[in-house]
Structure formats: structure tokens, C-alpha cells
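Written out below as C-alpha cells is the structure these notes cover.
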Amino acid sequence: MLHTSVTFPHCLFLDRDGVIIEDVHYLAEPSQIRIIPGVPEAIARVNALGWPVVVTTNQGGVAKGFFLESQVKLIHQKLDALLGLHGAKIDAWYYCPHHPIEGSGAFTLECPCRKPLPGMLISAARDLGLSLAHGWMVGDKLSDLEAGARAGCRTMLVRTGHGSTEESKLQLGSLNCAGVADALPGAIDAILKFSASKL
């Protein structure tokens, strides 16, 4: 259990779809989950170092009526169980159910938690006692990296999910990006090597 009175020296923020699991268009059921190979072991490496690991994910399908918030929570519970089989854990899940223009009802609005805005990372830092200046955001979209950069984190892009397409749009030195990796295991290797060099 994380305590808000503690400030951790390092922390890792991960996008969900395309980084931890295969990107299924509007994933609605736990049975659709496909974990990307090597991801649980990579997360477990970070857990072993005592770094909090937090997922921040846009889930605009709630606003669009494709699935309910309760389904998002069921998917995260299933992922907790699947990752746990490999000794990996996510310390906290943050999701944005809103969409600025699509859908109807209370979830259709502009909000500070939808990436590329940094609201989810800022909330996690406040709730869990995290140091954003020592944080990393890993995503497969430039919107993930932008959210991380706006929060004050370093960022990494992975080529899984949308990453191979997004890479061509990434400008060298932008969005606090320290590099591009084929998948999360390679990103973790690079992040840990970089962090060790700064000790």
C-alpha cells in the first residue's frame, strides 16, 4: 500500500492499450485482453526496485457509450490477476472516461485528465506521493508523451500499438523523450540504464 506522506525518488507511468496489452478497438471485455510478450516481467523488474507503477489511460469509449465504467474496472481487475501470475503489479489505475466532443451525457466534456493533458499524472502524484520530476511516462502515442512532458516527466515511446506510426511524427528532442523502444521491455531497459547513470 502506498502512502501519501512518502515521496518516491522514481516512478513509472504507463499507458495501457498498445503498451501493456494489445490495442483492441474499444476494449470492453476481460476476455479480449492480450498482454504484450515480456511486459509482465518488465513491470516486475521495476516493482523489485520499489518504483511505484501507475497506469494512466484514456477510455473515451465510456463517453461514447461503447462500455460502462464498471467494465473498465473489471478489465483492470483481470489485468491485476494476470500480471500477478508473473510477480508484477500496478500500484494504481487512473482512467479518463470523458471525450470532449463525441458521445452524450455527463461524460462528454473537456477535462484536464484526458491525455495529452497531464491531469491523471498530477492526480497520481498528489494521491500517492510521487515525484513527477523523477517520473517516466511510457506510451505508444505522442499524446501520452505530451501528458508526461507537461507533468514534468521524462518520456519514452514504444513501437507497439500505434507507436510505429507515431514515431515518424516525433521530433528529436521534443516532449522530454529520451528514446524509442520496440516494446515495453526495451523501454524499461533504457529507463533503468539512464536512471542508474544519474545516481
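Bear in mind that the values in this text are calculations on the coordinates, not laboratory data. Source: prediction; values computed, not measured. Every residue, glycine as well, gets a Cβ built from its backbone with ideal geometry; the counts of neighbours run over all protein chains shown.
Assorted remarks:
- Three-way shape label, the range 65-137, alpha-carbon gyration tensor, a/c 1.5: oblate
- Computed magnitude of the charge dipole of the chain (debye, nearest 20; Cβ of K, R +1, Cβ of D, E -1): 380 debye
- Surrounding net charge for Lys89, when Lys and Arg each add one and Asp and Glu each subtract one, Cβ distance under 13 Å: -2
- The chain: relative contact order in percent, alpha carbon pairs under 8 Å with at least 6 residues between: 24 percent
- Rg/Rh, computed from the Cα trace of the range 114-199 with Rh as the Kirkwood radius, has the value 0.96.
- Helical mean residue ellipticity (222 nm; -39500 (n - 2.57) per DSSP H run of 4+; nearest 500) of the chain: -9500 deg cm²/dmol
- The residues neighbouring Glu41, those whose beta-carbon lies less than 14 Å from its own, together hold a net charge of +1 under the Lys/Arg +1, Asp/Glu -1 convention.
- With coordinates expressed along the principal axes, the C-alpha atoms belonging to the chain extend over 49, 38, 36 Å, beginning with the largest.
- Total lysine pairs under 21 Å (Cα atoms) in the chain, excluding pairs fewer than 8 apart on one chain: 9
- Less than 5 angstrom separates the built amide H of Leu109 from those of His99, all sequence-distant by 5 or more or on a different chain.
- Point-charge dipole on Cβ atoms (K/R +1, D/E -1) for the range 86-199, about Cα centre, debye to 20: 280 debye
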